[in-house]
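Only one structure is covered here, and it is reproduced in the block below.
The values are calculated or read from the model by the stated rules, or taken from the named source; none is laboratory data. Predicted, not measured: the structure shown is a model, and the values here were computed from it. For neighbour counting, all protein chains shown are included, and Cβ atoms are generated from backbone atoms with ideal geometry for every residue, glycine included.
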Amino acid sequence: MSNPLDLRRGSTPVNDAAVLDLVHDLVDTSFMAEVNVHEAKTQLSRLLQRVEKGEEIVIARAGRPVARLVRFKTSAPRSFGHDRGLFEVPEDFNAPFSEEVLELFEQ
């Protein structure tokens, strides 16, 4: 006798219970376009253009999502020197440790 929960795509019965398919059960993919692997390989340039416009594309193998194409977020360019003057390197920065400190490392 089949379990009605087994009708979900990708689920398999284990001890008369359906395995939780996290991708389909917990993630709402209704707002994302889904393409198969063959289409992704042949239409990659077009898919990347859609992603650049903000769309998310799910790549599926045999109807099961395996990857997601999303727009790459770039960070602002780094600028140096914001903390200049807040810290000064002491003159003895490269000096050997005192005997007391060296003993602590040897314990």
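Table: residues versus (1) at pLDDT below 85; (2) surrounded by 10 or more Cβ atoms within 10 Å (Cβ to Cβ); (3) of a type in the set (Ser, Thr, Tyr).
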{"site": "LEU20", "(1), (2), (3)": "yes, yes, no"}
{"site": "GLN49", "(1), (2), (3)": "no, yes, no"}
{"site": "GLY54", "(1), (2), (3)": "no, no, no"}
{"site": "ARG64", "(1), (2), (3)": "no, yes, no"}
{"site": "GLY81", "(1), (2), (3)": "no, no, no"}
{"site": "PRO96", "(1), (2), (3)": "no, no, no"}
{"site": "LEU102", "(1), (2), (3)": "no, yes, no"}
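When the range 66-79 is filtered for residues that are of a type in the set (D, E, K, R) and either within 15 Å of ALA40 (Cα to Cα) or exposed (fewer than 10 other Cβ atoms within 10 Å of the Cβ) (or both), the ones remaining, listed by number, are ARG68, LYS73, ARG78.
Taking VAL58 as the residue in question, decide whether it is in contact with a Pro (Cβ under 7 Å, 6 or more places away or on another chain), closer than 29 Å to GLU34 by Cβ and either surrounded by 10 or more Cβ atoms within 10 Å (Cβ to Cβ) or of a type outside the set (S, T, N, Q) (or both). Criteria met by VAL58. Is it the case that THR42 is out of contact with any helix residue (DSSP H, G or I) (no Cβ under 8 Å at 6 or more places or on another chain) and at pLDDT 95 or above? The answer is yes for THR42.
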